[in-house]
1. Quick test for you: out of 79, 99, pick the one residue that is in contact (Cβ under 8 Å) with a residue 12 or more places away in the chain, open to solvent by less than 80 Å² (accessible area, probe 1.4 Å), more than 17 Å from residue 38 (Cβ to Cβ) and in a strand (DSSP E or B).
2. Restricting the range 11-59 to residues that are in a loop (DSSP other than H, G, I, E, B) and charged (D, E, K, R), which is least open to solvent (accessible area, probe 1.4 Å)?
3. Hey, could you check the range 107-137 for residues that are open to solvent by 80 Å² or more (accessible area, probe 1.4 Å) and not in a strand (DSSP E or B) and say which is nearest to residue 73 (Cα to Cα)?
4. Of the conditions (1) of a type in the set (Phe, Trp, Tyr); (2) over 29 Å from residue 124 (Cα atoms); (3) at pLDDT 90 or above, residue 10 clears all except one; give me its number.
Amino acid sequence: MLVIGQIVPYSGEYGISKDPFSFAVYGYRKYFTDRKRNTVLRLTSNGAMVEISSFGMHDYFRDKLSALGTTRQNRIVGAFDIHTKNYVLSIQNQDNSYATSNFDEDVQGWTSFYTYKPTYMLSLNSSFYSFYDGKLWLH
């Protein structure tokens, strides 16, 4: 394998923990959760980590993420909706409860809750899709 340049880790106290499905990218922005620290984060183009869960929803995400525990049935799924320019995040418990919400960059806040529980989500050609129970859904 050939690596161009150096691999340099970001310094700081945050990380993606064991939730790689919470990761989403749009342009130079990267979104993810840190379940250990009960936060939702955005990594900007200049390397700054911004705790977007603190934009009016600090207590909410602290409670939701700390209640997940470490079992594999608990999942955090994230994606970026290119059409609305929102980061969509779904926190899913093993007891089949879930909370799906979105972060809107234009207002710098969490603006909506949704009524679907995705297994996976993605944007393609300005359309946003989710998968659940083997079915594809267009939003």
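1. Testing whether each residue is in contact (Cβ under 8 Å) with a residue 12 or more places away in the chain, open to solvent by less than 80 Å² (accessible area, probe 1.4 Å), more than 17 Å from residue 38 (Cβ to Cβ) and in a strand (DSSP E or B) leaves just 79.
2. If we take residues in the range 11-59 being in a loop (DSSP other than H, G, I, E, B) and charged (D, E, K, R), then 19 is least open to solvent (accessible area, probe 1.4 Å).
3. Looking at residues that are open to solvent by 80 Å² or more (accessible area, probe 1.4 Å) and not in a strand (DSSP E or B), I get 133.
4. Exception for residue 10: condition (3).
The values are calculated or read from the model by the stated rules, or taken from the named source; none is laboratory data. Just so we're clear, the structure is a prediction, and the values are computed from it rather than from any experiment. So basically every Cβ, Gly included, is an ideal-geometry build from the backbone, and we count neighbours across all protein chains shown. Side chains are part of the model used for accessible areas, which takes the heavy atoms of the whole protein and leaves out ligands, DNA and RNA. Shrake-Rupley method; radii C 1.70, N 1.55, O 1.52, S 1.80 Å.
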